[in-house]
Amino acid sequence: MHLSPKYVILFFLLLTLCISCTKDIDFDQAREYQFNPVVESSLVFFNESANAFIDQGAEVEIVQDFIFIDFFNDDFIVDNVEKISFNFETQNSINRRFELQVDLYDEALGLQDSFVVIQEASSDGQNEIASHVEVFEDERLVALKNTHIILFTLRLLPGPNIDETTSGRIELKSKAVFYFEIKDVAL
Amino acid sequence: MIRLSTFAILFFWFVSFTQNKQIIYGFSEIPQSLLVNPGGKVKNKGYVGFPLLSHIHVNAGTSGSTLYDVFANDGVNFNTKLQSAAYSMSDNDFITLNEQLEVFSGGFAFGSSYDKNEYLSFGIYQELDLINYFPKDYAILAIEGNQNNINRVFDLSDLNASFEVVSVFHVGYNKKVNSKLSYGVRGKIYSSIMNVNSTRNRGQFVTVPGKNNIYDHVFNLDLAVRTSGVQSFVDEDSSDERLKKITNRVLLGGNLGLGFDIGFSYNITDQWYLDGSLLDIGFIHHTKDVESYEVKGDYVFEGINPIFPELEDEQTADDYWSEIEEDFEELFNADTISTNYTTWRPIKLNTSINYAFGKQKEKDCNCIKEDVGYINRIGVQLYAINRPKRPQVALTTYYYRRLFKGLRLKGTYTIDSFSFYNIGLGASFHIGGMNFYAMADNFFQYQNIYNAEGVSLQLGFNYILN
């Protein structure tokens, strides 16, 4: 077969197709990345019968305890959380109003924030239900991020005495909702 | 320190490399075709590859979103593009990266002087291989969090990646048994320069409505990353020392392994032939500079009961909380272990059926001119590679043409995990003993390389004795 130069030309034309072109690409956009995950986590809970408030036959009106917690001042939380909310759900079938006071302290035992979750009494033994939300933004969020110690105080407010025969329970469930804004994170 | 944006660029560098060498496969004028089929047809008496230039191979592809999808300068919000890329991909989408550089190679025919039907070829090449599956569930968790995903089971096995740099010392033997059958085998010694792999992860994370509290967070973790050759490299500050380490590992000082390739070609008739090969049946045993990390354990977190913790034990709320903190630490702290491990090389299969036609006709009888046989060939090739999750398969049809004595062309059309419209073209130039070959695929995607789902380039220079 006679080979005409047109084959060669055709071949080199095809080869030039190989020269790669690019369209407009901007890698700097990567700096704009931002994730906004919302993470929910169980927080504190209790579920106790009226008897739990009796110690050696006497009624205990205040129960108090504390925890050391480094979670809220973890660097990742401090740098990337824009808002936190605590959502509480309470139930009460005891004829006594109760309240849970939560005090947030920094390392030097300086009080940073304080709030109270209130649950009304149940006069008829039926479950009283309530919910409560604490939102931490701006200054309150800074206070929460400074927190190293949380003091929990559970109070039974004045009302009919509790003894071995008192029926009913109090219950509290809660979750924390973390609103993240994750930008340029150093790995 | 790596900024996450840099990491994101690397992560979304979805133009990457695969290992299919569909153009060079069966291109028997090019000596390096013996690397994809040690039992292929041999068309020369000997050859020497130009050191470092005899075979350069990069091969790029993504089964998921392309760089252009994410980084196009089109005014669309970057996060919108990033998220739609993440949502459009599945955990079976992957990026792979394969690169080979021949350090040197050569070969010669031997046997009885009138019929040199045996051929020995040898060389050293360096290879880099990466596959990274898209960790879909991790991405969704990072983008959305768990709030809108209560009861959704996040599958932690979505993390699946392996990376290896090896140097390969090889010697191949090819024998033409008769006019119909040739076979060949190639022995390989691998020296692993660096290996990182995390391919056997299991476990899940799920948030479900709880009994005692609003949620139970259920962690079931069985994750591991195995590395060899990385730690001492990272710890070494001096770049001279690093270079020394690499040189030493290239020259069989790394973690060693053994493997082999086998192949054959069989002429069914004068015009039809069948061939096939299995490559990299082998393993590497990692014993030096091994460091692996494991995160293993089960845990259910339901929050804390600060007021009435275990009243009987007189445990304080803080004791109780500390216990939970310790449990978490134990769960998430990676245990560093240095157990030896073995990795298998990704086995590759090539096979093809071919039909040659169209003898060169002379206007006048020219009895001196050599008979070059058929100048056209068409065929179908199948390629498969064993990968951590599942094999990847590619099907190629091709047309080969001997255009001049000095120029052979092969055009391919390939269907694979990356695309259904992959056109490739290869050329081998022969001027005297000099041979230069160049081949590339995915031609139609070069108009916008960033939008390419796969690109592949191979080129090299040889000196061939005919």
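Computed quantities for the displayed model
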quantity	calculated
Answer from B:Lys188, B:Lys180 - the residue that is surrounded by fewer than 17 Cβ atoms within 10 Å (Cβ to Cβ), charged (D, E, K, R) and in contact (Cβ under 8 Å) with a residue 60 or more places away in the chain	B:Lys180
Residue check, A:Val142 without any contact (Cβ under 8 Å) to a residue 12 or more places away in the chain and open to solvent by 10 Å² or more (accessible area, probe 1.4 Å)	yes
Residue check for A:Asn51: assigned to a helix (DSSP H, G or I) and modelled with pLDDT of 85 or more	yes
Subset of the range B:252-275 (residues that are surrounded by 13 or more Cβ atoms within 10 Å (Cβ to Cβ) and of a type in the set (A, V, I, L, M, F, W, C))	B:Leu252, B:Leu256, B:Leu258, B:Phe260, B:Ile262, B:Phe264, B:Trp272, B:Leu274
Matching option when the condition is under 23 Å from the mean Cα position of the chain (by Cα), of a type outside the set (Lys, Arg) and closer than 30 Å to B:His217 by Cα, among B:Ser292, B:Ser277	B:Ser292
Filter pass, A:Ile67 being away from chain B (no Cβ under 13 Å) and either open to solvent by less than 50 Å² (accessible area, probe 1.4 Å) or not in a strand (DSSP E or B) (or both)	no
Among (1) more than 14 Å from chain A (Cβ to nearest Cβ); (2) touching a strand residue (DSSP E or B) at 6+ places or on another chain (Cβ under 7 Å), the one test that B:Val206 misses	(1)
Residue match in the range B:232-250 (condition: part of a strand (DSSP E or B), among the hydrophobic types (A, V, I, L, M, F, W, C) and either over 30 Å from A:Phe46 (Cα atoms) or at pLDDT 95 or above (or both))	no
Some residue of the range A:30-40 being within 24 Å of B:Gln315 (Cβ to Cβ), open to solvent by less than 40 Å² (accessible area, probe 1.4 Å), under 22 Å from the mean Cα position of the chain (by Cα) and facing chain B (nearest Cβ under 7 Å)	no
Out of B:Ser121, B:Ser162, sole residue that is touching a strand residue (DSSP E or B) at 6+ places or on another chain (Cβ under 6 Å) and at pLDDT below 95	B:Ser162
Considering residues of the range A:131-187 that are within 14 Å of chain B (Cβ to nearest Cβ) and of a type in the set (Ser, Thr, Tyr) only, the residue farthest from A:Asp103 (Cα to Cα)	A:Tyr179
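Results for (1) within 14 Å of chain A (Cβ to nearest Cβ); (2) assigned to a strand (DSSP E or B); (3) in contact with a His (Cβ under 8 Å, 6 or more places away or on another chain), shown as yes or no for each residue.
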residue	(1), (2), (3)
B:Ile307	yes, no, no
B:Asp318	yes, no, no
B:Glu326	yes, no, no
B:Leu331	no, no, no
B:Thr342	no, yes, yes
B:Thr351	no, yes, no
B:Asn354	no, yes, no
B:Phe357	yes, yes, no
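The values are calculated or read from the model by the stated rules, or taken from the named source; none is laboratory data. All figures in this text were calculated on a predicted structure; none of them were measured in a lab. All Cβ positions, glycine included, derive from the backbone under ideal geometry; neighbour counts span all protein chains shown. The accessibility values were calculated without ligands, DNA or RNA, using every heavy atom of the protein model including side chains. Shrake-Rupley method; radii C 1.70, N 1.55, O 1.52, S 1.80 Å.
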